[in-house]
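Okay, structure first, notes after.
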Amino acid sequence: MEAHRRARLLRALDLEVWTSRAAPAGVPVEDDPAPPWADADEPPSATAVATRPAPVSAPARRPPAALLADLETPAPVYVAPADWQGLAEAVRSCTRCKLCKTRTNTVFGVGSTDAPLMVIGEGPGAEEDARGEPFVGAAGKLLDEMLRSVGRARSSNVYIANVVKCRPPGNRDPETDEVAACRPFLDRQIELLKPTLILALGRIAAQRLLSSTAPLSKLRGVPHVYGAANTPVLVSYHPAYLLRTPSDKLKSWHDLKQVHRLLDRG
Ligand code: URA
């Protein structure tokens, strides 16, 4: 019965490649869409197995035991280096996703490693890629002004990073596999910084950070938490969006004042 359960698991995972399936007479094994016992609770009878046609010229395939060994050996988990210096070096030499092929520089993060506030954007743009520092283009200048209005500066009491550390070509959104590959780096930055509050800027950063598909309008204005430490997260507009839509600057200002109040309290 155990073997039967495993067979069902393999089939569910689309990995079933038995060449030894029992086939109705005249039906080539390769064309048989499913084992005859697909919906049965019991494995095929010994007679059914014994009478199956012998594979003639099927290519060599890995036996089920080897496949099961693969299934039972979890993919190795990447463990990011434990300190800031090691982490920065790991990011600099990272080849965990395809963005490494098109980047000029990795963009690790900037600011005080004692900061109570962590600002997280989506990913580097062209200027950030050229300089290796987050938020240094036009949107970055606006971000600096916004932070200054609540007494914060990247040189002293805020830490700024992105969900992905390499520029997605053509300024496209970072893809799921790229965000996943970079996640251990961001998670370690958060673990090391232990921010009192995270401010996620823009829909992409917020959705990727919070693993949500909700629109920004739903994510903004409500508190969230992130990670094992349950770090509070607020979501607000991306400064690049504010440059295009200045009418939303007032709402952004309300968000910043809330950030300020929360940090004052914390
Ligand atoms: N936009 C981002 O989200 N991050 C940057 O670093 C620059 C622009």
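Restricting attention to segment 162-176, does a residue exist that is in contact (Cβ under 8 Å) with a residue 24 or more places away in the chain and assigned to a helix (DSSP H, G or I)? Full working, then the answer.
Taking segment 162-176 and keeping what is in contact (Cβ under 8 Å) with a residue 24 or more places away in the chain, we get 162-169, 171, 173-174.
So of that shortlist, the ones also assigned to a helix (DSSP H, G or I) come out as 169, 171.
So far as segment 162-176 goes, yes, one or more of its residues are in contact (Cβ under 8 Å) with a residue 24 or more places away in the chain and assigned to a helix (DSSP H, G or I).
Could you pull out the residue among L186, L209, L197, L201 that is under 22 Å from L262 (Cβ atoms), more than 16 Å from the ligand (Cβ to nearest atom) and either modelled with pLDDT of 95 or more or touching a His at 6+ places or on another chain (Cβ under 6 Å) (or both)?
That would be L197, the only listed residue that is under 22 Å from L262 (Cβ atoms), more than 16 Å from the ligand (Cβ to nearest atom) and either modelled with pLDDT of 95 or more or touching a His at 6+ places or on another chain (Cβ under 6 Å) (or both).
Quick check on A214: is it without any contact (Cβ under 8 Å) to a residue 40 or more places away in the chain, within 17 Å of the chain's Cα centre (by Cα) and within 13 Å of the ligand (Cβ to nearest atom)?
No, not satisfied.
Name the pairs whose Cβ atoms lie under 8 Å apart, with the first residue in segment 101-127 and within 16 Å of P239 (Cβ to Cβ) and without any contact (Cβ under 8 Å) to a residue 40 or more places away in the chain, the second near the ligand (Cβ under 9 Å from one of its atoms) and open to solvent by less than 40 Å² (accessible area, probe 1.4 Å), and 6 or more positions between them or separate chains?
E127/V136; E127/G137; E127/G140
All but one of (1) touching a strand residue (DSSP E or B) at 6+ places or on another chain (Cβ under 7 Å); (2) crowded, with 19+ Cβ neighbours inside 10 Å hold for H224; state the number of the condition that does not hold.
(2)
Residues in segment 98-152 that are under 18 Å from L262 (Cβ atoms), near the ligand (Cβ under 9 Å from one of its atoms) and open to solvent by 50 Å² or more (accessible area, probe 1.4 Å): how many?
Count: 0.
The values are calculated or read from the model by the stated rules, or taken from the named source; none is laboratory data. Every value quoted in this text rests on a predicted model; they were computed, and no experiment measured them. Every residue, glycine as well, gets a Cβ built from its backbone with ideal geometry; the counts of neighbours run over all protein chains shown. All accessible areas refer to the heavy atoms of the entire protein, side chains included, with ligands and DNA or RNA removed. Shrake-Rupley method; radii C 1.70, N 1.55, O 1.52, S 1.80 Å.
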